[in-house]
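Take a look at the structure set out below.
The values are calculated or read from the model by the stated rules, or taken from the named source; none is laboratory data. Since this is a predicted model, take the numbers as computed values, not measurements. FYI the Cβ positions are ideal-geometry reconstructions off the backbone, even for glycines, and counts take in every protein chain you see. Heavy atoms of the whole protein, side chains included, go into the accessibility calculation; ligands, DNA and RNA do not. Shrake-Rupley method; radii C 1.70, N 1.55, O 1.52, S 1.80 Å.
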Amino acid sequence: MRTTYLLYLLFFFTVSQAQDPVLQSLKEYTSKKIAKDLKDTSSHLWKVGALCSFNLSTGSLSNWSAGGDDFSLSANGYINAHAFYNKGKHRWDNVMEINLGYINTTTLGSRKNDDRVDVLSKYGYRLKEKLSLTGLFNFRSQFFRGYTFDIDADGKTRSSLSSNFLAPAYVLVGIGFDYREIPRLSVFISPLTSRWTIVKDVSLSAKGAYGVDTGRKGKSALGAYASINYSTDFNKIVGYSGRADLFSNYKFRPKNIDLYITNLVTIKLSKILSATWNVDLIYDDDVKVFGPGRNSPRLQFKSLVGIGLLVRF
C-alpha cells in the first residue's frame, strides 16, 4: 500500500515538473504587449471631435456721467464639431459651426448679437500627395429673427427686420482642387461653383433684400470660388482657427469679389476656463446695409471678446 502511495506521489511530482516550463511559457506569452501593425489604420479612419464654449458677462451703471446703459447682460455660445474621414486616396471633411449670442440692455431691450449656422462638407480624391480633386458643399444661415436699430429725428429708437431663418441662406456647390501643404492648412480653388441665395421671409423678399429680385425668394449665381482653412496651436495656451471664402460672380460684376472671413483665437486660462476672441468680416456685393443713407454694399465687421467655459472633445 505504501508502495502505491509512493508511486502516485512520484507521478504527480513528475507531471508537475514537466508542466512547469509550459505554464511559465504561457504566462510569458499572455503577458506580452502585442505591437500594433503600422499598416493597420482601421481605428484612424474617422477623426471626430468638438469644441464648445460659453461666455457670460454683465455690467451696470449708476449716475455715470459719461452715459451708457444702466444694465447689460450678454451670453454667447459657440460649437465647432468635426468628422474627418481619411483612407487611401479618399478624404472627407465635415465641419459644423454654430454661434448663438443674446444681449439685454435697458436701452434696446433683448435681442441677439450673434446667430450663425455653417455646415461645410468636402470630399476629395487624392491625385498627388498634396493635391486632390474635390467636391464641396456649404450651407450658411441663421436661426432667429435679427433687427437693426436706428434713431429717428425725434430721438426715438426704431427697429426693422433684417434677417430671419433662411433669410438669407447661402448654398454653395462646387468642384475643384484642394491643396494641402501642411495638415492644418487647406486651400480649395473651384473655377466652377454654383451659389444660391435664399430669402424665404416675405417682407424681406418684397424689399429685394440680399440681392434677390423684388418679390422673389431666391437667386442663383455661377462663378469662381476659393476657400482657405487654417488652424494651429501656437503653444499649450494660445490657439487659432480661421477661414476665408471668396466668390466671384461671372455674370454680375466679377471684379467685385464677395468675402467671408472668420477668425477665432482661444487663450487657455485653466483646464476649462478660457478667453476667446471672435472676429468676422463679410463683404457681399449684393447686400445693401440696412438703415437711412446706407444703400450700398459695405464691409461688415463683428468682434466678440469673452471669458468663460471652453471644452474640447
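List of remarks:
- Along each principal axis, taking the top coordinate minus the bottom one, the Cα set of the range 79-134 gives 59, 15, 12 Å in descending order.
- Rg and Dmax of the range 220-286, Cα atoms only, in Å: 16.3, 51
- Average accessible surface for the range 177-239: 56 Å² per residue, computed with a 1.4 Å probe over protein heavy atoms with every protein chain in place.
- Among residues other than Arg180 with Cβ under 12 Å from its Cβ, the summed charge is +2 (Lys and Arg +1, Asp and Glu -1).
- Fraction of accessible area attributable to carbon and sulfur, the range 170-313 (%, probe 1.4 Å): 65
- Summed side-chain charge close to Gly49 - residues other than Gly49 whose Cβ falls under 15 Å, Lys, Arg +1, Asp, Glu -1: 0
- With all pairs of different C-alpha atoms in the average, the Kirkwood value for the hydrodynamic radius of the range 90-186 is 16.5 Å.
- Once all protein chains are placed together, Thr276 keeps about 20 Å² accessible to a 1.4 angstrom probe.
- Distance cut-off 24 Å, percentage of C-alpha pairs in the range 140-271 lying past it: 49
- Links that overshoot a 18 Å alpha carbon limit, given the list Lys251/Lys302; Lys89/Lys128; Lys112/Lys156; Lys207/Lys302; Lys219/Lys251; Lys219/Lys288: Lys251/Lys302; Lys112/Lys156; Lys207/Lys302
- Sparsely packed loop sites in the range 217-297 (the chymotrypsin sites (Phe, Trp or Tyr not before Pro) outside DSSP H, G, I, E and B with at most 10 other Cβ atoms within 10 Å) comprise Phe234.
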